[in-house]
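Each remark here refers to the structure printed beneath this line.
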Amino acid sequence: MSKVLIIEDDFSVGEMMSIYLNEEGYEVKKAETGRLAERYFHDFEPDVIVLDIMLPDANGMDLCTTFRNSSSTIPILMVSAKSEVSDKVRGLQTGADDYLGKPFSMRELAARIQALLRRSQAAAVPSSAPKPAKPEQAIQLDIAKRCLFVHEQAIETTFSEFEIMKLFWQNQGRVYSREELLNRVRGFDSYVTERAIDVHIANLRKKIESDPKEPKYIKTVWGVGYKFLMA
């Protein structure tokens, strides 16, 4: 049974989410403050977090950063009544994997959680996983196990980062516009903006490039977008 930590200060909204997800078969813990959320994060060890931005004793963005610093893989679904693009982009920048604007249906909430858990489980790689087939190459991608290797070391990525890397890997040399990357990674109906793609690219460069400011692999094609080349 997957465990969901709901962090929501509105009692009625949190209770409604908790009841619905319980009926869907999830084990749920509900926190109405940032302090309690941090305690449950360590004691409950959730498989996915539903995090509201507005809390009485904490900023949801800061709390997201705290969780992400402790775990780079646990899925975080940020929810908020704030619908400005800047808020959504900032949420992704702080480490959220998805952003759901209020009001939302319980069916959509459950579908988002299910998708995040499915991707998280697919991305899990056993510690005994074999080394990449071609260790002589600086970068390897094991698509089946959803694992990125840099100099034979497994590198943790977010779901979106891996999807972008997979697209690059399978189409080396092809130039992708931000819009194309956005559509392939999140879908045509997504709230994510092209600015978020730049954030994902910057994070990928930090993980695979020896000097992110002078990238050898993920190249910027000015005025168009990005391409990937094995150096």
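Descriptive notes on the structure:
- Where a label projected 7 Å from the Cα of ASP198 along Cα→Cβ would reach, residues of region 86-111 with amide N under 19 Å: 86-96
- Label-to-label distance for LEU229 and ASP62 is 4.5 nm, based on points extended 7 Å past Cα in the beta-carbon direction.
- Rg [Å, one decimal], Dmax [Å, integer] - region 139-228, C-alpha atoms: 12.4, 37
- Per-residue ³J(HN,Hα) for region 164-179, Karplus 6.51 cos²θ - 1.76 cosθ + 1.60, θ = phi - 60°, Hz, x for Gly and Pro: 5, 5, 5, 4, 4, 4, 7, 9, 4, x, 6, 8, 10, 6, 4, 5
- Exposure proxy ranking, count of Cβ atoms within 10 Å, fewest first, for PHE44, PHE162: PHE44, PHE162
- Nearest-0.05 FRET efficiency for VAL175 and ASP211, computed from C-beta distance (R0 22 Å): 0.50
- Pairs of Cα atoms nearer than 8 Å and 6+ residues apart set the relative contact order; for the chain it is 13 percent.
- With a Förster radius of 25 Å applied to the beta-carbon distance between ILE143 and LEU117, the computed FRET efficiency rounds to 0.80.
- With the simple model of a label 7 Å out from the Cα in the direction of the Cβ, ASN183 to ASN69 spans 4.0 nm.
- Hydrodynamic radius of region 39-129 by the Kirkwood approach over all distinct alpha-carbon pairs: 13.8 Å.
- Simple spin-label estimate for PHE44 and LYS219 gives 4.8 nm between the two label positions (7 Å along the Cα-to-Cβ direction from each Cα).
- Filter on LYS82/LYS227; LYS166/LYS219; LYS3/LYS30; LYS82/LYS166 - keep pairs with C-alpha separation over 22 Å: LYS82/LYS227; LYS82/LYS166
- Taking a ≥ b ≥ c as the square roots of the eigenvalues of the Cα gyration tensor, the chain is prolate, since a/c reaches 1.5 or more and a/b is larger than b/c.
- FRET efficiency for the pair GLU23 and MET54, taken as 1/(1 + (r/R0)^6) with r the Cβ-Cβ distance and R0 = 22 Å, rounds to 0.25.
Read-outs: derived from the displayed coordinates by stated rules, not from any lab. Only a predicted model underlies this, so the values are computations on that prediction, with no experimental measurement involved. Please note: Cβ atoms are built from the backbone with ideal geometry, for glycine as well, and neighbour counts cover all protein chains shown.
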